[in-house]
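Below is one structure, written out as structure tokens; comments come after it.
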Amino acid sequence: MESTKEDEPQLRHVETDVLIPKMMREKAKERCVQHVDAFTACCKDAGFFMVFNCREENAALKECLTRHYQDPEFFQQCKQEYIQEKLEYERTGMPTKSQKQKLPTSM
């Protein structure tokens, strides 16, 4: 059963602007793993010259990640997953693996 807007819990600003985008970044890295691996390998091999030698790998990685970040359907998928995790936490009091991760201290 898909939830509708009326069924969804009210999300706070930090959830829609920080926590869900954080989930999107993590999932996008998983979906772009071949580009992440290629860029990482290039950087290791290039050393100091990575800025010049890894432009192609960096551009491919950025394109892949940006495609996911700008996809409204992907945002909705992550939002629904976040809501399910939130509801499960409220029901059980047990955080999921992703909820156990701390927010960066720079926030």
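The values are calculated or read from the model by the stated rules, or taken from the named source; none is laboratory data. Note that the structure is predicted; figures quoted are calculated from it, not measured. Glycine also receives a Cβ, built like all others from the backbone with ideal geometry; neighbour counts cover every protein chain displayed.
Among 86, 62, which is at pLDDT below 95, assigned to a helix (DSSP H, G or I) and surrounded by 13 or more Cβ atoms within 10 Å (Cβ to Cβ)? Show your work before the answer.
Values: 62 fails: at pLDDT below 95.
Going through 86, 62 in turn, just one is at pLDDT below 95, assigned to a helix (DSSP H, G or I) and surrounded by 13 or more Cβ atoms within 10 Å (Cβ to Cβ): 86.
Pairs needed: first member in region 23-35, farther than 12 Å from residue 62 by Cβ; second member anywhere, of a type in the set (D, E, K, R) and in a helix (DSSP H, G or I); C-beta distance under 8 Å; at least 6 residues apart or different chains.
23/81
Determine whether region 42-61 contains at least one residue that is without any contact (Cβ under 8 Å) to a residue 40 or more places away in the chain and within 15 Å of the chain's Cα centre (by Cα).
Yes: one or more hits.
Using the structure shown, decide if residue 22 is surrounded by 15 or more Cβ atoms within 10 Å (Cβ to Cβ) and not in a loop (DSSP other than H, G, I, E, B).
In short, yes.
Any residue at all in region 90-98 that is assigned to a helix (DSSP H, G or I), modelled with pLDDT under 95, more than 12 Å from the chain's Cα centre (by Cα) and surrounded by 13 or more Cβ atoms within 10 Å (Cβ to Cβ)?
Going residue by residue through region 90-98, those that are assigned to a helix (DSSP H, G or I) are 90-92, 97-98.
Checking which are modelled with pLDDT under 95 leaves us with 90-92, 97-98.
Subset that is more than 12 Å from the chain's Cα centre (by Cα): 90-92, 97.
Within this subset, residues satisfying the condition of being surrounded by 13 or more Cβ atoms within 10 Å (Cβ to Cβ) are none.
No: region 90-98 contains no residue that is assigned to a helix (DSSP H, G or I), modelled with pLDDT under 95, more than 12 Å from the chain's Cα centre (by Cα) and surrounded by 13 or more Cβ atoms within 10 Å (Cβ to Cβ).
Contact list please: Cβ distance under 7 Å, first residue in region 70-93 and without any contact (Cβ under 8 Å) to a residue 40 or more places away in the chain and of a type outside the set (Phe, Trp, Tyr), second residue surrounded by 12 or more Cβ atoms within 10 Å (Cβ to Cβ) and assigned to a helix (DSSP H, G or I), pairs at least six apart or on different chains.
85/98; 85/99
Based on what the data block shows, is residue 80 under 15 Å from residue 16 (Cα atoms), among the polar types (S, T, N, Q) and surrounded by 11 or more Cβ atoms within 10 Å (Cβ to Cβ)? Full working, then the answer.
Details: under 15 Å from residue 16 (Cα atoms): yes; among the polar types (S, T, N, Q): yes; surrounded by 11 or more Cβ atoms within 10 Å (Cβ to Cβ): yes.
So residue 80 fits the description; yes.
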